[in-house]
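Just below is one structure, and these are the notes that go with it.
The values are calculated or read from the model by the stated rules, or taken from the named source; none is laboratory data. A quick note: this is a predicted structure, and the numbers were derived from the prediction, not measured. Virtual Cβ from ideal backbone geometry, glycine too; neighbours counted across all protein chains shown. Remember, those area values only see protein heavy atoms, side chains included, never the ligands or the DNA or RNA. Shrake-Rupley method; radii C 1.70, N 1.55, O 1.52, S 1.80 Å.
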Amino acid sequence: MKTNEKKRIILGTVLIGFICILIVVLSAYSAELKYENNKLVAANETLQGEIDTISVKIKSANNVENIEKIATSKLGMVYPSEDECIYVSDADVPKENFAILIKEKAYN
């Protein structure tokens, strides 16, 4: 074999070795990225579960029945009777019981 052929074979072998090492390094980097991505997806699912739970709690807390229950049991609030209402003018006086009107508007 000539010196040129030996140099080509050695250069080809080094080049193929370098390519193989590069493939291994890129595969390892790809696996690391996939692992990090999976961790982020799991964390995202956990956070989404917490968001869903908080959304349900907010809807429950904003429910008219719940607000009325808290107002009556914890705060001692009651609907006024008809004789406990004061109106600015006679035109403001409703034809029906004011407390009943408030309840109807709250639940509609």
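For the chain, the Cβ-based charge dipole about the Cα centre amounts to some 1700 debye (Lys, Arg positive; Asp, Glu negative; other atoms uncharged). Number of Lys-Lys pairs in the chain with C-alpha atoms under 28 Å apart and a separation of 8 or more places or on different chains: 16. Stretching Thr72 away from Ile54 to a fully extended chain increases their span by 4.0 nm, per 0.36 nm per residue minus the current alpha-carbon distance. Along the axis of the charge dipole computed for the chain (Cβ charges of +1 for Lys and Arg, -1 for Asp and Glu, origin at the Cα centre), the listed residues Val14, Ser89, Thr72 are led at the positive end by Val14.
Between Asp92 and Thr46, the modelled label-to-label distance comes to 5.5 nm, taking each label 7 Å out from Cα in the direction of the beta carbon.
Calculation over all alpha carbon pairs of the chain in 5 angstrom steps from 0 returns a P(r) of 2, 9, 8, 9, 7, 6, 6, 5, 5, 4, 4, 4, 4, 4, 4, 3, 3, 3, 3, 2, 2, 1, 1, 0 percent. Computing FRET efficiency as 1/(1 + (r/R0)^6) for Asn62 and Leu101, where r is the C-beta to C-beta distance and R0 is 22 Å, gives about 0.55. Grouping the Cα pair distances of segment 33-85 into 10 Å bins from zero gives a pair-distance distribution of 21, 24, 19, 15, 11, 7, 3, 0 percent in increasing distance order. Asp90 sits with roughly 140 Å² accessible to a 1.4 Å probe, with DNA, RNA and ligands left out of the calculation.
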